[in-house]
Amino acid sequence: MKITRIIQTTAVLLFSIINVFGQTNSIEKDGFKISQMTKTVKDIKVLFTQKKPLTKSNFYCTASIKIFKSNKLIDSLIVSPDELEPVGSDYGLLIYNELINDHIIVSKFGGYDGRTIIINNKGKMFNTTGGICCPDYKHGLLFSIYNSDNHGFSIFDLSKDREIFSQIFEKDEVMGFFLSDGNYFVKTKQYKSQTERIWQIDIKTKKIVERPNTESQAISLRELVDYKKVCLKCE
């Protein structure tokens, strides 16, 4: 992912926070629509900015994430236009209202490279394969489906703040995740045959093993939002 990370220590005043879940502000200026949102977790404040041209241009969107502690900028990401190109689908940053285990969760769509961006309550930022998020609240795990032509998924441990599993499929599309008898499984569908398959995820060995007939009494991990109804256009 072509993202530039910037760390600064200059004191910066944040614009007002209406509530801990943030508020979107949009303005039109110099031929662009600029949308901003802030979110807060403990003493960490995060400013999200997305900028899109109002008329036809050679790019569709740029975005940035700035993390503040005590009104000082401690970290940031700048997302390039190439990484936010629509490529026939959603594009931009999707910032979830819900805090999960004191973490701010963000999905980046566009550029054939979906990402899940996670910010903890200390202001540390993590960037993993993903886009479509399915949390396991009880065990503090965040499953993310890779939003790309190359399908796969990742698992991020919110209690340890690290990615603990990642898998790419060459011939299968990831359909979802479920939990059965204390084990995690991923359902996939083959592109050509449309055959559905079930794989057990072994986090310890970092492997998956095909396990048919294991879904009947399973608990599905629900997506954070109904992604089929999301129409994300960089704002």
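Total residues in region 64-78 satisfying the condition of being closer than 12 Å to Ile117 by Cβ and aliphatic (A, V, I, L, M): the figure is 3. With respect to being out of contact with any strand residue (DSSP E or B) (no Cβ under 6 Å at 6 or more places or on another chain), buried (at least 16 other Cβ atoms within 10 Å of the Cβ) and hydroxyl-bearing (Ser, Thr, Tyr), Ser70 falls outside the description. Of the residues Ser159, Ser193, Ser216, Ser220, the single one that is among the polar types (S, T, N, Q), farther than 19 Å from Asp113 by Cβ and modelled with pLDDT under 90 is Ser216. When region 44-80 is examined, which residues are found to be part of a loop (DSSP other than H, G, I, E, B) and in contact (Cβ under 8 Å) with a residue 40 or more places away in the chain? Residues satisfying the conditions are Tyr60, Cys61, Asn71, Ser80.
The values are calculated or read from the model by the stated rules, or taken from the named source; none is laboratory data. All figures in this text were calculated on a predicted structure; none of them were measured in a lab. Don't worry about glycine lacking a Cβ; one is built from the backbone with ideal geometry, like all the others, and counts go over all protein chains shown.
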